[in-house]
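Heads up, the thing below is written out as structure tokens.
The values are calculated or read from the model by the stated rules, or taken from the named source; none is laboratory data. What you are looking at is a predicted structure, and each value in this text was computed from that prediction instead of being measured. Because the Cβ atoms are built from the backbone with ideal geometry, glycine has one as well, and the counts that use them run over all protein chains shown.
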Amino acid sequence: MREEGRGNGLYRYLTDDELEALVAEVADHGMLAPPTYLKDLIMEEAAKPAMPAGNGRKKKIDRKTAKIQLAVYSLKIAGAAAAALFCLTMVPVDMGGNTGDAGNRRMEKEIEEDMVRYREESERILTEPVVQEDGIGSFFGNVLGIFGNGREEDASSLWNGITEWFGNGGAEE
Amino acid sequence: MIVGQDGKRTKEERLSAMIDTYQGLIFSVCYKVVGDYFAAEDLTQETFLSAFKNLDTFEGTNEKAWLCRIATNKGIDYLRGAGRRAVPTEDVFFEQQAENRGSPEEICLEEEVRERLLSYCGRLRPPYNEIAKAVYYEEKKADEIARERGENIKTVQTQIYRARDMLRKLYGKERSA
């Protein structure tokens, strides 16, 4: 039994004399009735199987295993940090908040390029002189052009129509 | 007296006998030390469970002194715990012990505690107010209450535990305020 009045901050354990006095005092001057369910509660708790020693405690790990675990953990963290840095620095990110429209922007660019190409092609076709050496229409057009008053284009288009009507006169053969 | 196969009482039987004999004293000692009804209830429970655990190693003959020692030590540990500095400091505590000895306040302690409990019980919602009153003020057991109310004992037990939790909360709020 503890004899001492061991100090610990504000409270200390009672000495035997103090304990005796306290018990006598409680016994003499009216005891409090504990709640009626208290005994059942205690018996219930006591009936619960005691936890075997070591159960619930952490498994003891030796120093070497702990070091390996620490190294593996450090590697994982370093890998994650590197991946994060890579994502931050190497992957292009639209800082304007339009990160989700990358596909649309690519498509728009392609359309624009197609438009430019189409315009260039159209200009090229329009600027090139029309030379139609095949087909009966072309032949007569050229003939008329030679004898006409410089209206080669009109004659050519007229005879082109005729050529189409006749089925291109075997020029494809 | 119930005895085990080897003619000796089992640990559970010894515990049961100890509770029957000393629960009032231990509860009162705990209450005297901590001044909190529900903390005293917990400490009484802990005291008996601790005694039960160490029953095999107990070689003394004075069970009463042993239990009271466990109870007071647990009470002091409780007071040392964080957040319970509102209770009297060491010197004040022992001074109060000396001053209260035999005083009319001391004599009426039980009545005072019961009255206070009754007022707390009245603040609970039905049916917990009636259940709490029956348990804490009228000191009735669960089976008695179940018989009187014509209810299943399990239902009453559940209601008692709920009422106890509500009272604890009320009590705690009041003490911290």
Margin query: B:Glu46 - would you say it is at pLDDT 75 or above, within 10 Å of chain A (Cβ to nearest Cβ), crowded, with 16+ Cβ neighbours inside 10 Å and within 18 Å of A:Lys39 (Cα to Cα)?
Written below: yes
**Request:** Answer yes or no: is there a residue in region B:103-112 that is closer than 24 Å to B:Glu174 by Cα, at pLDDT below 85, more than 10 Å from chain A (Cβ to nearest Cβ) and assigned to a loop (DSSP other than H, G, I, E, B).
**Result:** no
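Kindly evaluate B:Ala146 against the criterion of being touching a Leu at 6+ places or on another chain (Cβ under 9 Å), in a helix (DSSP H, G or I), surrounded by 14 or more Cβ atoms within 10 Å (Cβ to Cβ) and of a type outside the set (D, E, K, R). Write out each step before concluding.
Numbers: touching a Leu at 6+ places or on another chain (Cβ under 9 Å): no; in a helix (DSSP H, G or I): yes; surrounded by 14 or more Cβ atoms within 10 Å (Cβ to Cβ): yes; of a type outside the set (D, E, K, R): yes.
Here the answer is no, as B:Ala146 does not meet what is asked.
Return yes or no: is A:Ala80 surrounded by 10 or more Cβ atoms within 10 Å (Cβ to Cβ), closer than 30 Å to B:Phe27 by Cβ and modelled with pLDDT of 70 or more?
Values: surrounded by 10 or more Cβ atoms within 10 Å (Cβ to Cβ): yes; closer than 30 Å to B:Phe27 by Cβ: no; modelled with pLDDT of 70 or more: yes.
When the stated conditions are applied, A:Ala80 does not pass them.
Only residues that are more than 17 Å from A:Glu44 (Cα to Cα) and surrounded by 20 or more Cβ atoms within 10 Å (Cβ to Cβ): list them for region B:22-35, please. Quick ask: steps written out before the conclusion?
Filtering region B:22-35 for residues more than 17 Å from A:Glu44 (Cα to Cα) gives B:22, B:24-35.
Matches in region B:22-35: B:Tyr22, B:Leu25, B:Ile26, B:Phe27, B:Ser28, B:Val29, B:Cys30, B:Tyr31, B:Lys32, B:Val33, B:Val34.
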> Taking B:Thr21, is it within 22 Å of A:Ala27 (Cα to Cα), assigned to a helix (DSSP H, G or I) and either facing chain A (nearest Cβ under 8 Å) or basic (Lys, Arg) (or both)?
Replying inline: no
Only unsatisfied item for A:Asp28, checking (1) within 21 Å of B:Val29 (Cβ to Cβ); (2) modelled with pLDDT of 85 or more, is (2)
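Name every residue in region A:1-25 that is at pLDDT 80 or above and at the interface with chain B (Cβ under 7 Å from one of its Cβ atoms), in order of residue number.
Here is the first cut: in region A:1-25, the residues at pLDDT 80 or above are A:13-25.
Residues satisfying the conditions are A:Tyr13, A:Leu14, A:Leu19, A:Leu22, A:Val23, A:Glu25.
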Residue pairs qualifying under the 8 Å Cβ cut-off, at least six apart or on distinct chains, with the first in region B:136-148 being more than 9 Å from every other protein chain (Cβ to nearest Cβ) and the second being polar (S, T, N, Q) and in a loop (DSSP other than H, G, I, E, B), are B:Ala146/B:Asn152
Filter region B:56-80 for residues that are modelled with pLDDT under 90 and more than 10 Å from every other protein chain (Cβ to nearest Cβ); the one that is nearest to B:Ile19 (Cα to Cα) is B:Glu63
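Regarding region B:57-74, can at least one residue be identified that is hydroxyl-bearing (Ser, Thr, Tyr), touching a Phe, Trp or Tyr at 6+ places or on another chain (Cβ under 9 Å) and under 22 Å from A:Arg12 (Cβ atoms)? Break it down stepwise before answering.
Filtering region B:57-74 down to residues hydroxyl-bearing (Ser, Thr, Tyr) leaves B:57, B:61, B:72.
Retained after the next criterion (residues that are touching a Phe, Trp or Tyr at 6+ places or on another chain (Cβ under 9 Å)): B:72.
Checking the rest, the ones that are also under 22 Å from A:Arg12 (Cβ atoms) come to B:72.
Yes, region B:57-74 has at least one match.
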Boolean, A:Pro34 is more than 47 Å from the chain's Cα centre (by Cα), within 14 Å of another protein chain (Cβ to nearest Cβ) and modelled with pLDDT of 80 or more
yes
